1. Using beta carbons and a limit of 9 Å, which pairs, at least six apart or on different chains, have the first residue in the stretch 7-26 and at positive phi and outside any helix (DSSP H, G or I) and the second one at pLDDT 95 or above and surrounded by 15 or more Cβ atoms within 10 Å (Cβ to Cβ)?
2. Quick one: which of 108, 160, 76 is at pLDDT below 50 and part of a helix (DSSP H, G or I)?
3. In the stretch 5-16, how many are more than 15 Å from residue 92 (Cα to Cα) and surrounded by 11 or more Cβ atoms within 10 Å (Cβ to Cβ)?
4. Provide a single number: the residues in the stretch 48-70 that are over 12 Å from residue 23 (Cβ atoms) and surrounded by 14 or more Cβ atoms within 10 Å (Cβ to Cβ).
5. Restricting to the stretch 31-47, give me the number of residues that are surrounded by fewer than 19 Cβ atoms within 10 Å (Cβ to Cβ) and in contact with a helix residue (DSSP H, G or I) (Cβ under 6 Å, 6 or more places away or on another chain).
6. Inside the stretch 73-89, can you point out the residues that are surrounded by 12 or more Cβ atoms within 10 Å (Cβ to Cβ) and more than 19 Å from residue 21 (Cβ to Cβ)?
């Protein structure tokens, strides 16, 4: 009798891991994206905020559902419901999903709406570009990193804590 090399548990575990990487892997590139956009052309910031909102809606939220569903299957199949990592993971998925829907998506929508009118007016274009770049970059002299909800913001703030950031324009 042949024994399968891969079980259903292994497949679901792989899907679970891939969903976590897809849901959260892109966030680590955002400090670079926003820093380059603020320096090269701050007029692209509304588009970046729109992209961020769409990624939250069409990548992160579905991936969180896959992480939750696969995690429930794995915990049930392996009888791991009393384990700390299952309870912590379940709570983390619920909290992250709530924060994305209640805080991060409205913040991205508001950031896009606040930058767009400033850039549409030609007489305010230069000052708007400076203020848009300033909103993306942290203050020059911050003596400690502030804990934030967005990992890319924390990375930028940590970078400003290590060495001051020069002005974008």
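The values are calculated or read from the model by the stated rules, or taken from the named source; none is laboratory data. Treat the numbers as computed from the prediction; the structure is a model and nothing was measured. Because the Cβ atoms are built from the backbone with ideal geometry, glycine has one as well, and the counts that use them run over all protein chains shown.
1. So the pair list comes out empty.
2. Values: 108 fails: at pLDDT below 50; 76 fails: at pLDDT below 50.
Going through 108, 160, 76 in turn, the sole match is 160.
3. Restricting attention to the stretch 5-16, the residues satisfying the condition of being more than 15 Å from residue 92 (Cα to Cα) are 5-15.
Checking the rest, the ones that are also surrounded by 11 or more Cβ atoms within 10 Å (Cβ to Cβ) come to 7, 9-15.
The number of residues fulfilling the criteria is 8.
4. Initially, the stretch 48-70 is screened for residues over 12 Å from residue 23 (Cβ atoms), giving 48-54, 57, 69.
Next, only the ones that are surrounded by 14 or more Cβ atoms within 10 Å (Cβ to Cβ) stay: 48-53, 57, 69.
Of the residues in the stretch 48-70, 8 are over 12 Å from residue 23 (Cβ atoms) and surrounded by 14 or more Cβ atoms within 10 Å (Cβ to Cβ).
5. Matching residues across the stretch 31-47 total 2.
6. In the first step, residues of the stretch 73-89 are kept if they are surrounded by 12 or more Cβ atoms within 10 Å (Cβ to Cβ); the result is 73-75, 77-78, 80, 83, 86-87, 89.
Across the stretch 73-89, the qualifying residues are 75, 77, 78, 80, 83, 86, 87.
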